[in-house]
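Inspection log for the structure reproduced underneath, given as structure tokens.
Values quoted throughout were computed directly from the atomic coordinates according to the rules given, and no laboratory measurement underlies them. Note that the coordinates shown come from a computational prediction; the quantities given were computed from them, not determined experimentally. We place every Cβ from the backbone using ideal geometry, glycine too, and count neighbours over all the protein chains shown.
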Amino acid sequence: SVGSNTFTRYNDFFGNIGGPIIKDRAWFMFSHRDGYGGKLIPGFVDDRNGADPDPGPPATFWTKLKDPTLKLNFQLTDSLSYESMVQFGRKWQAYRGGSRTVPLTATMNQDSWSLIGPTFKFAYIISPTMTLDWSASRGGYWWPSTPYTQDIRQVDRNSGETRGNYTWTVRKPVRWQWGANFSVFSNIGETSHELKTGYQGSWGYSTSTDYLGFVGHAEYRYRSTDAAEAAGQYFKASPKVADRLP
């Protein structure tokens, strides 16, 4: 088959910097990751200019990851501290779903962003034996799935061979979480114990989920015969064995 299960390139870079903003009162930390992984999947091809019997040259299946992160700490008083964090994450996988039976034009272009934070957390030392902390955080992502072609989607149920456009979808969910914990440290008998109670809640919603579906709102499904599959003619069946989905 075309291609080989080997990396074309792989790199993963990390870096961070941090330190005090105000001596003994405020600190920051910033980190960033930049990664790339590309590999050849056996049979996965770039069919944009291909034609039978040559489907096209091998295509590199690659993923890019980026996630800048910022964290801040503040000592508000001798007994009260505060910290906050935010992280953006980008995942770009241009040919998601690609395989021997799914060439480049039938894959999904995923270029998504996620957000962890901002987070807010307070920690309060009530006494040498009692502590209280409370926090809130936000999370969510923006994930568009875009196609490469306007051709009608075709799937052969026997072989898994797939051609045509990927469904167009955009997802934008958001989730908030919050909670509090109260702890008491006490000696019971001859051992030390921590008695702890708390509460946690959450609330989520989707600002929008745009599902535009397949081009023409149609997908054609086939069941090729053994002879047709051996000849690579997966979509030559009569219309009676092809389903049109509304």
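Working ranking of peptides 28-37, 184-193 by packing, defined as the average number of other Cβ atoms within 10 Å per residue, highest first, is 28-37, 184-193. Computed about its Cα centre, the charge dipole of segment 91-246 is approximately 420 debye, with only Lys, Arg, Asp and Glu carrying charge at their Cβ.
Calculation over all alpha carbon pairs of segment 63-125 in 10 angstrom steps from 0 returns a P(r) of 19, 28, 20, 16, 10, 6, 1 percent. Pairs over the 22 Å Cα-Cα cut-off, from the set Lys91/Lys121; Lys66/Lys172; Lys66/Lys121; Lys23/Lys71; Lys64/Lys121; Lys71/Lys172: Lys91/Lys121; Lys66/Lys121; Lys64/Lys121; Lys71/Lys172. Placing unit charges on the Cβ atoms only, positive for Lys and Arg and negative for Asp and Glu, gives segment 1-157 a dipole magnitude near 160 debye about its Cα centre.
Out of all DSSP beta bridges in the chain, what portion is antiparallel? Express it as a percent rounded to 5. Don't skip to the answer; put the middle values down first.
Numbers: 108 of 112 bridges.
Expressed as a percentage, antiparallel bridges in the chain total about 95.
Taking one quarter of the surface of the convex hull spanned by the alpha-carbon atoms of segment 122-220 gives a direction-averaged projected area of 12.1 nm².
Dipole of segment 144-224 computed with +1 at Lys/Arg Cβ and -1 at Asp/Glu Cβ about the Cα centre; of Phe214, Thr169, Ser192, farthest Cα towards the positive end is Phe214. Note on segment 183-234: along the principal axes its Cα atoms extend 81, 34, 11 Å, ordered by decreasing extent.
Quotient of the Cα radius of gyration of segment 45-168 and 2.2 N^0.38 Å, N being its number of residues: 1.74. As I understand it, the dipole of the chain uses +1 on the Cβ of Lys and Arg and -1 on the Cβ of Asp and Glu, about the Cα centre. Which of Gly56, Thr225, Thr149 lies farthest toward its positive end? Of Gly56, Thr225, Thr149, it is Thr149. Entry note: segment 90-139 has Rg to Rh equal to 1.49, where both radii use alpha-carbon atoms and Rh is the Kirkwood radius. In the set (1) 23.1, 71; (2) 26.7, 83; (3) 18.1, 65, the label that goes with Rg and Dmax of the Cα atoms in Å computed for this structure is (2).
Using the Karplus relation 6.51 cos²θ - 1.76 cosθ + 1.60 with θ = phi - 60°, the per-residue 3J(HN,Hα) values for segment 10-26 come to 9, 8, 8, 10, 10, x, 8, 8, x, x, x, 9, 10, 3, 6, 10, 9 Hz, with x marking Gly and Pro. Computed from backbone phi, the HN-Hα couplings of segment 146-161 come to 10, x, 9, 9, 9, 6, 4, 5, 10, 9, 8, 5, 7, 9, x, 4 Hz, rounded to whole numbers (Karplus: 6.51 cos²θ - 1.76 cosθ + 1.60, θ = phi - 60°; Gly and Pro given as x).
FRET efficiency for the pair Tyr124 and Val174, taken as 1/(1 + (r/R0)^6) with r the Cβ-Cβ distance and R0 = 30 Å, rounds to 0.60.
To the nearest 0.05, how large is the calculated FRET efficiency for Phe13 and Thr63 if R₀ is 22 Å and r is the Cβ-Cβ distance? Step by step, r from the Cβ atoms, then E = 0.90.
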